[in-house]
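Below is one structure; the comments refer to it alone.
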Amino acid sequence: MDKVFHTIISSITHHTSLVIPNCYEAQCVFSDASLCGIGGVVCVSRSQCWVPCSFFSRQLLPREQKFAATELEAQALLEMVEHFKLYLAGRDFVAYTDHQALLGILEGVPSSAKLTRWKHKLVDYSISIFYIKDEQNPVADALSSILGDMRL
């Protein structure tokens, strides 16, 4: 696990150039949650691939560590969208998550009051949510786990 972690961190810090988006580029957010944190990246489409604009990661509070998996993943998505609102507000964009239960968060009735509040915040954005497998979400996965891996 340490070797994979250090490889990902090295790749992010040494081989990644952040770009400044323009209003004509497609944008997306990749988000993920773990038992210790949430993380994600906002990207733009350039030359038929996603190029990062900015990264975000934070440790979960003790009360958040008790959330159900769907609530954690929904919180990660909402925080990514709100954190990157300067890039995303007023634009169509795609959000990618590795948690299938989030696909229906914008439609239907959420299963808790917390999810209902978060749904009402997300509907202010022009967002489409898509599921991707864990292996297709390595950056957000690493950013959500990084703080727990660094604990001594």
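Count Lys and Arg as plus one, Asp and Glu as minus one, and take only other residues whose Cβ is under 11 Å from that of residue 134; the net charge is then -3.
Computed as a quarter of the hull surface, the mean projected area of the alpha carbon convex hull for the chain stands at 9.3 nm². Potential lengthening of the chain between residue 63 and residue 130 amounts to 21.3 nm, from the contour at 0.36 nm per residue minus the alpha-carbon distance.
Counting charges near residue 21 (Lys, Arg +1; Asp, Glu -1) among other residues having Cβ under 14 Å from its Cβ returns a value of +1.
In a reduced charge model with +1 at each Lys and Arg Cβ and -1 at each Asp and Glu Cβ, the chain shows a dipole moment near 340 debye about its Cα centre. Working out 0.36 nm times the residue gap between residue 46 and residue 18, then minus their Cα-Cα distance, what length gain in nm do you get to one decimal? Between residue 46 and residue 18, full extension yields 8.9 nm more.
Every read-out reported here was derived from the displayed coordinates using simple, explicitly stated rules and does not represent laboratory data. These numbers come from a predicted model, not from an experiment. In this analysis, Cβ positions are derived from the backbone assuming ideal geometry, glycine residues included, and neighbour counts consider all displayed protein chains.
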